[in-house]
Each structure stands twice: as structure tokens, then as C-alpha cells.
Amino acid sequence: MGKHEHGAVDHIVPLKVLIGTCAALLFLTAVTVWVAELDFNILNIPSMNMGLALAVASLKVFIVTMIFMHLRWDRSFIGFIFVISCLLVFLFIGFALMDTGENQPNMIPGNSVPVQQQLDKLMTEAAPAAATTSQVDGDQ
């Protein structure tokens with residue numbers, strides 16, 4: 001049988017790298033909060049906040065996987081599998097967003113005029129019934 005050690009450590013990350021990683025993640029968290037408060041409606045791109053927040057989150061994921069998951073020092077095949085899986089996730093999310101954008105007109109768009117008209121119609125129909133109920137209660 002071959003010599004195999006259990007509990008052997010392949011790579012020890014220096015404390016400077018861990019502190020730098022922590023500082024970078026804290027800075028990027030502050031950037032995420034700052035991006036969330038920006039108003040892109042002036043430039044007619046209201047969804048820019050979400051795109052920038054996702055970009056910052058992706059950068060934070062990259063930092064965590066490279067340092068804390070030791071992908072920086074691991075075999076390149078494992079990094080390749082990680083990159084391919086991220087690309088597939090982006091592809092599937094992209095397909096879902098394209099489908100949502102295509103079916104958006106079929107959803108309730110937030111135009112409450114027809115809904116409000118039906119609510120008003122129900123209220124006018126319910127008003128005489130409520131009045132007769134209150135008259136019956138008052139007679140007793």
C-alpha cells in the first residue's frame with residue numbers, strides 16, 4: 001500500500017492575504033450598498049442598479065472562491081469546471097430572463113385602471129346590499 005497521510009494540509013494561506021481578502025470583501029459590501037442607493041432613473045436605465053449589484057456580487061464570489069476555497073492554488077481542471085458551471089448558470093438565467101421579457105405583456109402590468117373599474121363596479125353593487133342589511137338590523 002502507498003503512503004497516504006490523512007489531515008495533511010496542501011496550502012496555508014498567509015495572514016496578509018486573508019486580511020486583504022477581508023478588507024476587499026468589506027469594501028465591496030460598501031460598494032454594493034452605495035450602488036443600491038444610486039438613482040439611474042435620470043438616465044432612463046432603472047435596471048442598472050440590479051446589474052451593478054450583480055456585478056459586484058460576482059466579483060465577491062470570485063474572490064471567495066479563489067482565496068477561501070483555494071481554487072487559486074488548486075489544479076487547473078477544477079477551476080475549469082468552476083468556470084464552466086458559472087457560465088452555464090448565467091446561460092440558464094439569461095434564458096429565463098428572455099422568456100420573462102417575452103411574456104411580460106401577458107402579466108398584470110401594474111396598470112390598475114381596469115382592475116380599479118371592476119373594484120368600483122363591485123362596490124356599487126355591494127352598496128345597496130349593505131344598505132338593506134343595515135336597515136334590517138335597525139328594524140330589529
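The values are calculated or read from the model by the stated rules, or taken from the named source; none is laboratory data. Fair warning: this is a prediction, and the values are worked out from it, not measured in the lab. All Cβ positions, glycine included, derive from the backbone under ideal geometry; neighbour counts span all protein chains shown.
A few remarks follow.
- F95 fulfils the conditions (1) in a helix (DSSP H, G or I); (2) modelled with pLDDT of 80 or more; (3) assigned by TED's automatic domain parsing to the domain that holds I19 except for a single criterion, (3).
Here's the yes/no breakdown for (1) under 22 Å from the mean Cα position of the chain (by Cα); (2) modelled with pLDDT of 80 or more; (3) surrounded by 10 or more Cβ atoms within 10 Å (Cβ to Cβ); (4) not in a helix (DSSP H, G or I):
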residue: A55; (1), (2), (3), (4): yes, yes, yes, no
residue: L59; (1), (2), (3), (4): yes, yes, yes, no
residue: T65; (1), (2), (3), (4): yes, yes, yes, no
residue: M69; (1), (2), (3), (4): no, yes, yes, yes
residue: F82; (1), (2), (3), (4): yes, yes, yes, no
residue: L88; (1), (2), (3), (4): yes, yes, yes, no
residue: T124; (1), (2), (3), (4): no, yes, no, no
residue: T133; (1), (2), (3), (4): no, no, yes, no
residue: D137; (1), (2), (3), (4): no, no, no, no
